[in-house]
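Take a look at the structure set out below.
The values are calculated or read from the model by the stated rules, or taken from the named source; none is laboratory data. Small disclaimer: the values here were computed from a predicted structure and weren't measured. Using ideal geometry, Cβ is built from the backbone for each residue, glycine included, and neighbour counts are taken over all protein chains shown.
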Amino acid sequence: MHRLKAAWAIAIGLGIATPVMAAGVSGASALNFTRRAVEFGPRPPGTPANTALQNYIIAELKKDGCEIIEDAFVANTPKGKIAMKNIIAKFPGKSGKAIALTGHFDTKLLPGKFVGADDGGSSTGLLLELARVFARQPRVDDLYLAFFDGEEAFGEWSANDSLYGSKHLAERWGKDGTLKRIKGLINLDMIGDKNLNIPQETNGDASLRRLVWSMAASLGYKAYFTDQQIGEDDDHMPFVRAGVPAIDVIDVDYTPWHTDGDTMDKISAQSLEIVGTVIYESVLRLEHQ
Ligand SMILES: [Zn+2]
């Protein structure tokens, strides 16, 4: 017994008693963060579950030693005024330039029990995993990880009823000068599908898209980042309209989309790790150009 205790004491003293995590993006860790988010149940803006998830995101980000910005606002929706909050993690660099990774954490208000494992969950989980990985490195550019509230429409999707959080942050960052500093913004949405295939969203910035797709090809992931082209209105668009080089990484081909079938068994650690690794490496390349 005593000998065992001594061994543990030595191990802790040497810092080898902490769990061993790979240096890069872990799909298992991203999936675990996603599961924790999904366990809050349906998370439309203004609900207690949405607030509980905000608090979970903030608690996790606190472990990463970043600056945490809580961007609270009130949105005019078809359901009336609803309090929403974006959460932004900032990892400061020295160049004066900035890179942003974004995604939404809310789920669509639907009858039934829509928990959005892929749609809302996967973006939350992967952003938390990326925060964990980036936290342990010095940064060249400021790195922002923005978790958007209110991506989903309350009624039929329209210019007025959608993208509440990203529109709000684009406006805030326009006023405070952040937009002008952004070299690239990559939005992540529905990136956990077991059957991963990400088409090229062409409303976004072509040169940033080429950088990410060529990174995917060089990592051996060409099969998952396809040549198919689509146009999609998503959280990147308020930034595209404001002149920011922004793209959307989204797997729109997802059968349980906006149904109660969007559950954890439909998504995989492997898909999260593939997308996370491509995004991670793309950020490093962006920092050095
Ligand atoms: Zn959705």
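Only strands (runs of 3 or more DSSP E) whose full extent lies in region 36-152 are considered here, and the ones with at least 3 residues that are closer than 22 Å to residue 267 by Cβ are 98-104, 142-148.
Within region 168-185, not a single residue is within 27 Å of residue 259 (Cβ to Cβ) and charged (D, E, K, R).
So how many residues does region 83-108 have that are closer than 21 Å to residue 212 by Cβ and within 16 Å of the ligand (Cβ to nearest atom)?
The total comes to 3.
Just one of (1) farther than 27 Å from residue 165 by Cβ; (2) within 16 Å of the ligand (Cβ to nearest atom); (3) polar (S, T, N, Q) fails for residue 270. It is (2). How many residues are farther than 22 Å from residue 129 by Cβ and touching a Leu at 6+ places or on another chain (Cβ under 9 Å) if we restrict to region 47-72? Going through region 47-72 one residue at a time, the tally reaches 1. Comparison of 146, 98 shows that the only residue that is touching a residue at least 60 places away in the same chain (Cβ under 8 Å), in contact with a Ser or Thr (Cβ under 6 Å, 6 or more places away or on another chain) and crowded, with 21+ Cβ neighbours inside 10 Å is 146. Check whether at least one residue in region 37-58 is more than 20 Å from residue 279 (Cβ to Cβ), at pLDDT 95 or above and exposed (fewer than 11 other Cβ atoms within 10 Å of the Cβ), and report yes or no. Yes, that holds for at least one residue.
Within region 175-197, the set of residues being more than 16 Å from the ligand (Cβ to nearest atom) and of a type in the set (A, V, I, L, M, F, W, C) comprises 179, 182, 185, 186, 196. So is residue 116 at positive phi and touching a His at 6+ places or on another chain (Cβ under 9 Å) or not? Judged against the criteria, residue 116 is a match. Among residues of region 52-67 that are in contact (Cβ under 8 Å) with a residue 24 or more places away in the chain and within 17 Å of residue 85 (Cα to Cα), none has a beta-carbon under 6 Å from a residue that is assigned to a helix (DSSP H, G or I) and among the basic types (Lys, Arg) at least six positions away or on a different chain.
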